[in-house]
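See structure below.
All of the numbers you see were taken from the coordinates with simple rules; none came from a lab. Quick caveat, the model's predicted, so the values are computed rather than measured. Using ideal geometry, Cβ is built from the backbone for each residue, glycine included, and neighbour counts are taken over all protein chains shown.
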Amino acid sequence: MKRRVLGSLIGGVVAALPSLPDAQPRSMPVIGWLGSGSSALTSSSTNNRDAFRLGLREAGYFEGRNVAFENRLAENRYDRLPGLANELVDRKVQLIVAIGDPAAHAAKAATTTIPVVFVVGDDPVAAGLIASLARPAGNLTGVTVLTGELGPKRIELLRELLPGIGTIALLSNPANPASERAIRDARSAARILKVQLHELSAATESEIDAAFVALASLGAGALLVEADQLLLARREQIVALAAGSAIPTMFGFRAFAVAGGLISFGQDLTVPFRQIGVYAGRILSGARPADLPVAQPIAVELVVNLETAKTLGLTIPPSLLVRADEVIE
């Protein structure tokens with residue numbers, strides 16, 4: 001197994017601030033954690049949360065010592081996020097961490113005064129979350145990761161893996177505001193590569209099952225699963241359905257490949273989560289979100305599951321294997 005971390009944070013890594021005294025302050029600040037996922041922690045969500053805590057520690061904040069958390073998780077139902085965001089506002093938390101595009105939009109709608117630090121996959125300027133990347137203005141800042149922008153590259157990688165492929169299916173979540181741009185970029189890439197693109201959508205467990213039923217009649221040679229938090233939460237289901245359909249599948253998160261998916265290409269999410277931890281600490285120490293530029297990490301990783309490839313009867317081209325950051329055998 002091999003793994004390389006590529007890239008760096010655009011704008012540089014924020015330097016660690018001096019540690020605060022060990023004495024617990026009389027009024028401990030509370031961070032509201034707003035996410036679309038489940039309260040049942042997975043290894044990937046635990047790693048991301050640990051990366052956030054590491055960033056907080058770099059800024060001098062330690063959970064339970066001089067900062068506390070108030071968690072609000074939507075259990076993979078995006079429609080619950082506005083109400084959960086309002087609960088955090090009513091709780092009068094000092095800062096909200098919004099994980100994912102739907103959570104960021106819910107937090108923005110809920111408050112114009114409480115600082116919000118986000119991780120989103122869409123362009124936050126085009127989405128109306130901030131004024132500009134360099135000077136966000138308002139009460140929001142954070143990190144934007146390459147999700148939709150990597151969609152065309154994922155299609156290119158599928159073509160490299162399966163040179164004769166003529167049809168690819170795309171599974172996305174229509175409840176995610178970022179999916180519209182991701183679909184648009186995928187359509188453009190498919191036209192350039194002269195590949196037919198079939199679009200499937202799913203926002204619930206049953207809709208994922210239905211999407212794979214529909215997939216069987218499309219004659220697609222491969223499947224691309226869009227980078228989405230809800231689909232990530234259902235990765236065991238999706239990987240099992242892909243295996244049952246015997247269809248080569250490309251994913252946007254490493255966790256899919258670890259769970260048995262064929263191949264993934266996307267960002268190492270611990271990098272942006274550490275960055276928002278640093279930002280959260282700086283804001284708790286007095287910085288204004290409007291003065292913290294939105295970071296754009298460009299570290300990406302290609303992960304190939306050779307065991308799954310063998311099950312599908314595929315030979316991974318050496319050109320892909322040599323570029324892989326991690327090979328699962």
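Could you compute the FRET efficiency for Glu180 and Glu329, with r as their C-beta to C-beta distance and R0 at 41 Å, rounded to 0.05?
Rounded to the nearest 0.05, the efficiency is 0.65.
In nm, give the distance between the simple-model label positions of Gln196 and Ser319, each being 7 Å from the Cα along the Cα-to-Cβ direction.
2.5 nm
So in the chain, what percent of DSSP beta bridges are antiparallel if you round to the nearest 5?
Restricted to the chain, the bridges split so that about 15 percent are antiparallel.
Mind checking which of Ala182, Ala287, Ala98 has the largest fluctuation in a GNM of the chain, springs on alpha carbons under 10 Å?
Residue with maximal mean-square fluctuation among Ala182, Ala287, Ala98: Ala287.
Check the straight Cα-Cα distances from Lys310 and name the aspartates and glutamates below 12 Å, setting aside those fewer than 8 residues away within the same chain.
Result set, ordered by chain and number: Glu329.
Could you give the dipole magnitude of the chain about its Cα centre, charging the beta-carbon of Lys and Arg +1 and that of Asp and Glu -1, in debye to the nearest 20?
Around 580 debye, computed over the chain.
Given Val300, Met250, Tyr78, which one lies farthest toward the positive end of the charge dipole of the chain, if we put +1 on the Cβ of every Lys and Arg and -1 on the Cβ of every Asp and Glu?
Val300
Kindly express, to the nearest 10 degrees and within the range 0 to 90, the angle between helix 43-58's C-alpha long axis and the longest C-alpha principal axis of the chain.
The helix 43-58 is inclined about 30 degrees to the chain.
Sequence gap at least 6, Cα distance under 8 Å: using those rules, report the relative contact order of the chain to the nearest whole percent.
24 percent
Please enumerate, by chain and number, the aspartates and glutamates with C-alpha under 14 Å from the C-alpha of Lys153, excluding those fewer than 8 residues away in the same chain.
Hits, sequence-local ones excluded: Asp185, Glu226, Glu301.
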